[in-house]
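The values are calculated or read from the model by the stated rules, or taken from the named source; none is laboratory data. Everything numeric here is computed off the predicted structure, so don't read it as measured data. Cβ: placed from backbone, ideal geometry, glycine included. Neighbour counts: every protein chain shown. Each accessible area value is taken on the protein alone, full model and side chains, heavy atoms only, with ligands, DNA and RNA left out. Shrake-Rupley method; radii C 1.70, N 1.55, O 1.52, S 1.80 Å.
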Amino acid sequence: MAIFSSIPAKEYVCLKNLDLYDSSECTQLSTQAGQGRHLILLEQTQNHFLVKLCEDDYQAWLSCQDLMSIQESTDPYQASVIERVEIERRLGSVLEFTLLAGKQDNFYLWGGTVGPNYDCSGLIQSAFASAGIWLPRNSYQQEEFTTRIAVSELIAGDLIFFGSIKINHVALYLGHGNYIHSSGGRNGIEIDHLWQDKDEVAKKYNREIVSYGRVERGYRTKCNDQPTSR
């Protein structure tokens, strides 16, 4: 059994892209932290560290082998205050990011956030982050974070959420009925249509649409609060 111990809270910055894992065994990818992202060490086992990413408060495990790939930050992360008016100015960059990502060779990667291989919410988070707008990490968190809208209100840059029992997939609306997503069913980034089922994969996704959301603000981190173990 792993023995956990808390460690002094210090903020670090990633010197390169890092894989982060869903348990202290560090075998299953949970998310990725791109070069330049900030994190806080929360706990450690004999070999690995539980960390919290500063931009979205996401917790995952860092392998001890990657400890040399972070350094103590001299410039603590501060979340920008971004409201809807400014977000609207940046949506063109968000859309461009996703379209360019789809043109690269890619496959669906659970936990992928740094490209070229993404999971669904990783693509969405990375697209908005590329324009300086941080969203929560997972699709269900993104659904909770956005403002509900009707399908008739959709404009380019809004989000579409899918699921059966709970939200488990997200796509970015491009306009004219089209949406782009990193899809496990398509093993990569693809464009589908809300009302045109071009195949069984599209039919399945459209059948599982749950809600539509609009990003009204950027995520305000709690990373500078006193960290607690999960």
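Details
- Each of Val13, Asn168, Gln35 was placed along the dipole of the chain (beta-carbon charges, centred on the mean Cα), and the one lying farthest toward the positive end is Asn168.
- Among 82-95, 111-124, 17-30, 158-171, sorting by the average number of other beta carbon atoms lying within 10 angstrom of each residue, highest first, gives 111-124, 158-171, 17-30, 82-95.
- Simple Cβ-charge dipole of the range 43-108, Lys/Arg +1 and Asp/Glu -1, about Cα centre, in debye nearest 20: 200
- Size of electric dipole in the range 119-230: Cβ of Lys, Arg +1 and of Asp, Glu -1, about Cα centre, debye, nearest 20: 320
- Projected label distance in nm at Glu200 and Asn17, using a 7 Å step from Cα toward the beta-carbon: 3.3
- The Rg/Rh ratio of the range 50-99, with Rg taken over Cα atoms and Rh as the Kirkwood radius over Cα pairs, comes to 1.11.
- Accessible surface, per residue, of the chain when the full set of protein chains is kept, probe 1.4 Å, Å²: 49
- Between Val210 and Ser69, the simple spin-label model (points 7 angstrom out along Cα→Cβ) gives 3.2 nm.
- Volume per residue of the C-alpha convex hull in the range 105-204, rounded to whole Å³: 106
- The range 14-55: equivalent-ellipsoid semi-axes (sqrt of 5 x gyration tensor eigenvalues, Cα, Å): 17, 12, 8
- Amide H contacts for Ser183 (H built 1.01 Å from N in the peptide plane; partners 5 or more residues away or on another chain; cut-off under 5 Å): Gly188, Ile189, Glu190.
- Debye intensity ratio I(q)/I(0), log10, the range 24-178, q values 0.13, 0.17 Å⁻¹ (C-alpha model): -0.66, -1.09
- Think of each Lys and Arg Cβ as +1 and each Asp and Glu Cβ as -1; about the Cα centre, that makes the dipole of the chain roughly 200 debye.
- Cross-link reach list, lysines versus Lys204, counting only Cα pairs under 23 Å and skipping chain neighbours closer than eight places: Lys166
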